[in-house]
Amino acid sequence: MPGLVNLDKARSRLTAGRAVSGVKDATLKAGAGVQKPSLSRYSNANPLIIGHRGGGGLMYPEYTAEGYAQAYADGLRVFEIDFYSLTDTALGVIHDSTFPRTTITTGNVADANTATFKAALIDAYSWHGTYSDTLVPMLLPEVLTAYAGNVIFVPEPKGGASVANCVSALQARSIPTDQALIQSFALTGLGSAMAAGYPVMKLWTSGDTPASVLAAGVTYMGLADTQSDAVISEYVASGLKVIIYTVNTRYNLARFLALGVVGVFSDDPLYIARSTPFRNSDNFASKLWLPGMHSWFSGDDYLLTNARRGRFDGTDELRFSDLSATWERQGYLGPQNKTSFSFEYQSKFGTGSGTTSAAQVFLGDVSMSDRPFTNTASESYPCGAMFYRRGNGTVNVYQIVPGVGGANFTTTTLLTRTGTAVEANVPLRTKISAVPSGGNTSVTIEWFNSAGALVDTATVTYTGTLTWGHTWIGKGSIDLSFRGLLAA
């Protein structure tokens with residue numbers, strides 16, 4: 001068969017330079033040692049965290065051998081698989097019904113045969129920002145064969161593919177019935193999976209009720225994260241095992257678990273499954289996303305393909321070349337849970353400067369958890385300290401206070417210090433330090449020139465205690481890069 005994937009080669013290519021290790025959560029580690037993963041081990045107390053679109057589309061290029069291999073190496077043991085039936089009855093693994101979003105090819109997936117599907121090379125760098133070479137799409141048997149017995153598969157037949165196709169593929173590779181959960185938006189065909197002993201999940205569509213789903217013999221229910229708490233609670237109370245899609249913040253994971261769900265799909269499963277920092281510095285030199293590197297445009301919408309998420313540049317930089325304002329959480333650093341701390345970073349301004357061009361850092365208080373921060377008036381919960389080093393030499397420090405009763409947050413200026421315009425195209429170090437002081441927090445900011453000499457320093461009083469949780473980096477309307485992030 002043409003274009004078969006070499007899994008060992010795929011694993012080594014994407015693993016190089018990776019430094020995510022020590023995942024402590026039992027959900028991810030199940031099956032990594034003596035025990036094999038089993039659906040029977042998961043519950044509300046030990047939730048099933050499913051890598052959405054493979055191993056998690058925010059972390060890894062979706063539905064690629066490289067993405068699956070790195071997710072597995074990082075500790076993930078529950079993989080989603082979307083697949084379509086090709087014209088020669090082969091089953092191609094891809095999310096969309098058309099090729100253009102993730103490949104160099106146009107056209108419909110259903111019109112491809114094995115050869116043309118394999119030739120639809122995946123240009124991951126253009127939309128994911130990782131891996132400069134084109135990657136080869138996978139067939140369903142390749143994924144099943146590579147990880148049989150070592151992970152739980154959550155397949156979804158799409159287009160012309162059927163549940164029967166899925167069952168046949170699972171049985172051909174002797175996948176145990178407790179290591180697969182077949183999902184579908186349609187009840188039609190799920191009976192064949194249940195007859196074969198495989199558990200099934202009905203994905204919500206209009207007209208579904210707990211009673212109608214239970215009457216069909218289904219045990220799992222997939223609900224969107226946009227469903228109300230009341231609807232989710234109704235399905236949970238019925239006895240159905242509820243799984244939510246898609247959950248990318250620890251805040252929302254905690255919220256849904258409190259409602260009684262047994263699992264979630266996530267684009268960043270390693271991140272949401274852990275409640276402590278992965279590391280205290282960046283690893284931009286690896287050219288791979290670290291857990292919790294999320295940007296938002298509005299609300300809970302994360303940015304993946306948009307340049308606002310940034311792209312790895314040079315030897316060790318994260319560059320935001322899009323001229324729109326941007327904030328991106330560096331989730332791997334948090335929560336720090338510290339009242340005495342320091343944080344330093346280097347920022348590099350592109351050519352041009354002005355009052356709106358700024359390297360921005362927001363140190364959020366633990367009270368806001370890891371909810372999105374965009375510094376827009378529509379948010380009520382942000383709380384913390386915000387720092388701007390502007391291209392024209394001005395340095396600002398702000399205190400952000402949550403709104404009361406759902407009102408928008410408010411901003412208090414703690415410092416405005418003018419100076420000479422920054423040097424362009426060279427890294428400039430900035431250091432922030434904080435210590436408790438008489439019921440408040442004393443915050444010192446130091447900024448340096450390209451030679452490492454101190455330009456200026458200032459100390460301000462943050463009203464109340466700032467307990468550092470998560471970290472966001474951002475920029476105003478300029479091409480800007482970050483490197484050297486260090487929490488202590």
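Things worth noting here:
- Considering helices alone, the calculated mean residue ellipticity of the chain at 222 nm is -4500 deg cm²/dmol, with DSSP H runs of length four and up weighted by -39500 (n - 2.57) and normalised per residue.
- Dipole orientation for the stretch 116-203: of the candidates Val136, Tyr198, Ser174, Tyr198 has the Cα lying most toward the positive pole (charges on Cβ; Lys, Arg +1; Asp, Glu -1).
- Solvent-accessible surface (1.4 angstrom probe) belonging to Glu317, in square angstrom, nearest 10: 10 Å²
- All C-alpha pair distances within the chain, sorted into 10 Å bins from zero, spread as 4, 19, 28, 24, 15, 8, 2, 0 percent across the bins.
- The order of His95, His294 by accessible area, most exposed first and with a 1.4 Å probe, is His95, His294.
- Excluding exposed DSSP-loop trypsin sites (Lys or Arg not before Pro) (at most 13 other C-beta within 10 Å), longest clean stretch of the chain: 102-488
- Cα pair distances exceeding 21 angstrom across the stretch 168-243, given as percent: 27 percent
- The HN-Hα couplings worked out from phi for the stretch 159-167 by the Karplus form 6.51 cos²θ - 1.76 cosθ + 1.60 (θ = phi - 60°) are x, x, 6, 10, 4, 4, 4, 5, 4 Hz, whole numbers, x standing for Gly and Pro.
- For the pair the stretch 156-232 / the stretch 363-388, the C-alpha centres are spaced 38 Å from each other.
- Here the Karplus curve 6.51 cos²θ - 1.76 cosθ + 1.60, taken at θ = phi - 60°, turns the phi angles of the stretch 410-422 into couplings of 10, 10, 10, 7, 9, 7, 9, 10, 8, x, 7, 4, 6 Hz, with x standing for Gly and Pro.
- Nonlocal amide H pairs with Arg274, under 5 Å, H built at 1.01 Å: none
- Accessible surface, the chain, averaged per residue in Å² (probe 1.4 Å): 36 Å²
- Its alpha carbons give the stretch 322-398 an Rg and a Dmax of 13.5, 38 Å.
- As a fraction of the 1.4 Å probe accessible area of the chain, surface on carbon and sulfur atoms comes out at 53 percent.
- For the chain, the Cβ-based charge dipole about the Cα centre amounts to some 880 debye (Lys, Arg positive; Asp, Glu negative; other atoms uncharged).
- The mean of 1/r over all pairs of different alpha-carbon atoms in the stretch 166-314, once inverted, gives a Kirkwood hydrodynamic radius of 17.7 Å.
The values are calculated or read from the model by the stated rules, or taken from the named source; none is laboratory data. The structure displayed is predicted, hence computed values, not measured ones. With ideal geometry, Cβ positions are generated from the backbone for all residues, glycine too; neighbour counts draw on all protein chains shown. The protein model used for the area step is the full one, side chains on, heavy atoms only, and it has no ligands, DNA or RNA in it. Shrake-Rupley method; radii C 1.70, N 1.55, O 1.52, S 1.80 Å.
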